[in-house]
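Asker: Just dropping this structure here.
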Amino acid sequence: MARNKSKTKPATFTMFNVTYEDGSITSNRRVENELLNQTFGDSLLDLARTAIQDQDNEIAQRSNRRRAKIKSIVEA
């Protein structure tokens, strides 16, 4: 018998490249698509910036090391 091919699931994350004010760069930062809901008119990059700042704050609390402010975000 032939196997049925599994259907691909829609992407649940969107990737972003982030540049910080101190010159550091992080590539392929994942943000859940649920957090990028534009129904209230916010731009995609503003929503991504908020989500990534929240991620950075959570990491900073665990590591006791603050991250520089975000300079720019580009969808990867």
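The values are calculated or read from the model by the stated rules, or taken from the named source; none is laboratory data. Values in this document were obtained by computation on a predicted structure and should not be read as measured data. Glycine also receives a Cβ, built like all others from the backbone with ideal geometry; neighbour counts cover every protein chain displayed. Surface areas here come from the heavy atoms of the whole protein model, side chains and all, with no ligands, DNA or RNA. Shrake-Rupley method; radii C 1.70, N 1.55, O 1.52, S 1.80 Å.
Asker: Go through region 60-76 and count every residue that is exposed (fewer than 11 other Cβ atoms within 10 Å of the Cβ), small (G, A, S) and within 19 Å of V31 (Cβ to Cβ).
Answerer: Count: 0.
Asker: Sticking with this structure for a sec: Pairs needed: first member in region 30-50, under 18 Å from A11 (Cβ atoms); second member anywhere, of a type in the set (D, E); C-beta distance under 8 Å; at least 6 residues apart or different chains.
Answerer: Short answer, once both residue conditions are applied: L44/E75; L45/E75; A48/E75.
Asker: Still on this structure: Between a residue in region 1-27 that is open to solvent by 80 Å² or more (accessible area, probe 1.4 Å) and any residue that is assigned to a loop (DSSP other than H, G, I, E, B), which pairs come within a Cβ distance under 6 Å, given they are 6 or more apart or on different chains?
Answerer: E21/A68; E21/K69; D22/A68
Asker: State the number of residues belonging to region 51-76 that are closer than 14 Å to M15 by Cα and not in a strand (DSSP E or B).
Answerer: 4
Asker: For residues that are closer than 22 Å to A68 by Cβ and of a type in the set (D, E), scanning just region 1-46, find the one that is modelled with the lowest pLDDT.
Answerer: The residue in question is D46.
Asker: From the list Q38, Q53, pick out the single residue that is out of contact with any helix residue (DSSP H, G or I) (no Cβ under 9 Å at 6 or more places or on another chain), open to solvent by 70 Å² or more (accessible area, probe 1.4 Å) and of a type outside the set (K, R).
Answerer: Q53
Asker: So, one more: Looking only at region 31-50, how many residues end up being assigned to a helix (DSSP H, G or I) and not charged (D, E, K, R)?
Answerer: Here is the first cut: in region 31-50, the residues assigned to a helix (DSSP H, G or I) are 33-36, 44-50.
Of the ones still in play, those that are also not charged (D, E, K, R) are 33, 35-36, 44-45, 47-48, 50.
Residues that pass the stated criteria total 8.
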